[in-house]
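Please read the structure below before turning to the comments.
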Amino acid sequence: MTKPRGRPIHKDKLTPAEWRTADAVRHGLSNQQIADLENISLDGVKYHVANAIAKLELKNRNALKYWVGSPVDSVLNKKVKSMKEEFNIIGLGQVSRSVKNIVESERWYRDVLGLTHLYTFGTMAFFDCNGTRLMLSEKEEGESAESILYLRVSNIMVAYEKMKELGITFVSAPHMIHKHEDGTEEWMAFFDDLESRPLAIMSSESKT
């Protein structure tokens with residue numbers, strides 16, 4: 001029997017490439033930043049964004065940024081979500097700091113300060129500070145250099161809904177930022193403090 005021609009039909013609303021693009025949009029990245037991150041053309045990014053908006057029946061890119069959803073095979077979908085559960089901050093998961101040159105900064109934080117280098121992804125380098133992760137991010141000229149505290153929560157979807165009820169303004173919906181080789185997913189959502197400075201909640205979702 002011959003196989004059907006063309007790409008296989010996906011069981012999910014979006015293809016893997018469209019999910020990665022949608023998550024990048026929800027992370028606040030521009031089309032050019034997504035193209036650089038995914039190593040695809042700018043037209044390719046625009047194509048994925050347009051497809052995601054159409055498939056999800058959204059009005060525009062801004063609506064995609066605030067759309068709440070996750071892949072059908074995401075570990076997050078298998079997690080019991082009870083809106084009776086109160087959200088709680090269980091620790092400081094990550095601190096970000098902007099740098100001018102990621103290569104020089106990675107070397108300095110690793111070789112001079114002696115921090116444990118976890119990995120580098122594009123213009124971002126991650127280090128372990130006794131259980132709290134430090135993220136160095138190379139900023140282009142003119143970009144905000146505000147540091148961000150990432151607060152760890154046990155259930156990011158519950159925390160997101162409860163915090164909105166408390167009047168907290170989110171600038172994006174929860175989205176997956178990374179999936180490790182062992183299947184562990186890292187999720188984030190950004191919001192503003194009382195002085196409109198950026199903060200974030202984050203959670204790690206594993207199969208075990």
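The values are calculated or read from the model by the stated rules, or taken from the named source; none is laboratory data. What you see is a predicted model; the values in this text were computed from it and never measured. Glycine gets a Cβ as well: all are built from the backbone with ideal geometry, and neighbour counts include every protein chain shown.
Structure summary
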item	result
Residue among Val80, Val95, Val103 that alone is at pLDDT below 90 and either at negative phi or surrounded by 13 or more Cβ atoms within 10 Å (Cβ to Cβ) (or both)	Val80
Filter pass, Phe121 being among the aromatic types (Phe, Trp, Tyr), modelled with pLDDT of 95 or more and closer than 22 Å to Met202 by Cα	no
Criterion (at pLDDT 95 or above, surrounded by 15 or more Cβ atoms within 10 Å (Cβ to Cβ) and among the hydrophobic types (A, V, I, L, M, F, W, C)) met by exactly one of Ala22, Ala50, Ala54, Ala35	Ala22
Residue match in the range 175-182 (condition: in contact (Cβ under 8 Å) with a residue 12 or more places away in the chain, in contact with a Leu (Cβ under 6 Å, 6 or more places away or on another chain) and not polar (S, T, N, Q))	no
Qualifying strands (runs of 3 or more DSSP E) (wholly inside the range 112-208; at least 2 residues being over 20 Å from Lys78 (Cα atoms))	116-121, 124-129, 132-138, 148-153, 185-192, 198-205
